[in-house]
Amino acid sequence: MTHDDLYLVTGATGKTGAHVVRLLRAEGLRVRALVHGIDERSAALTELGADVVTGDLRDFDDVSSAMAGVTAAYFCYPIDPDGLIDATAVFAQAATEAGVRAVVNMSQISARREAKSHAAQNHWLGERLLDRAAFMTTHLRPTFFAEWLAWQWSRDDDGGVLRLPFGEGRHAPIAAQDQARVIAAILRNPAPHDRQIFPLYGPVEADHHGIAGEMARVLRQPVRYEPVEIETFADALRAQGYGEFLIQHLTNVAQDYRDGIFAGTNNLVEVITGSPAQTVAQFTASNRDAFRGEGQRASWRRVREHVG
């Protein structure tokens, strides 16, 4: 790859995509950022020097236009009831016609043929579609993002609380920023990673009691893990306004987590990028503001009132 190459980043205002744009632009590389709409997040990408374009990943004309002149592309589609398989097929065909050399695909660690989650099974099918294309392809299967810890953070009179349906399962949380470093590295040098499926983990596996303990140490306040039943968690998600497709996915991967699907660790982040992934303590320290508020306290209060 050279400085004349052009990199397409989809989901460019999302957790991984925005970091990928920043990393590539920091090296002076040409980046086209595909976004759903223009807002303050896309404006920040424009300020970095990215070519920001709008479009729908399910629209063949939109994707074909965004793909023109592209050397390598990052494909990331949200957990949404509409269109992962369609978007993957559109993306693959548009990339093929444009002569794209390589695609990095964001999948998930629970992606497999027999997955009970519809989203996880769709990711597995999407991988198989991309494998049939002529361009180089790398699939990333991360365990739960470290950002999960902030997403379901809440606070009560006794301190911070992680109310999650994961039982005594274990995983090694991986930050979106570390995944972005892997994505950027593979986009720049895809050949060694062609047709690979990379499970991505943080450096330390722990259960949520251990994770809460690390967070407490950094935040200098009590933090505890409060296991909840999967259906109770589903009720909390409904109270927070999430749709049934996402709830179906999260409840099934919660069972996967209890069954050990999300467990493990490796050093792939360091091998591919040259530096290790962040620990939970490092992530917490660099994201303190995410843990200052009450988080999902009100939603959990409504669920507690409902279930007695």
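Some values worked out for this structure:
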| quantity | calculated |
| --- | --- |
| Hits in the stretch 64-84 - residues which are in contact with a Leu (Cβ under 6 Å, 6 or more places away or on another chain) and at pLDDT 95 or above | ALA66, GLY69, VAL70, THR71, ALA72, ALA73, TYR77 |
| Filter result (within 18 Å of the chain's Cα centre (by Cα) and more than 24 Å from GLU205 (Cα to Cα)) within the stretch 138-157 | THR138 |
| Only listed residue being at pLDDT below 95 and not β-branched (Val, Ile, Thr), chosen from ALA216, ALA234, ALA298, ALA254 | ALA298 |
| Failed condition for ASP39, given (1) of a type in the set (Asp, Glu); (2) at pLDDT below 95; (3) more than 23 Å from ILE174 (Cβ to Cβ) | (2) |
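The values are calculated or read from the model by the stated rules, or taken from the named source; none is laboratory data. What you see is a predicted model, and the numbers here were worked out from it, not measured in a lab. Positions of Cβ are backbone-derived with ideal geometry, glycine not excepted, and every protein chain shown enters the neighbour counts.
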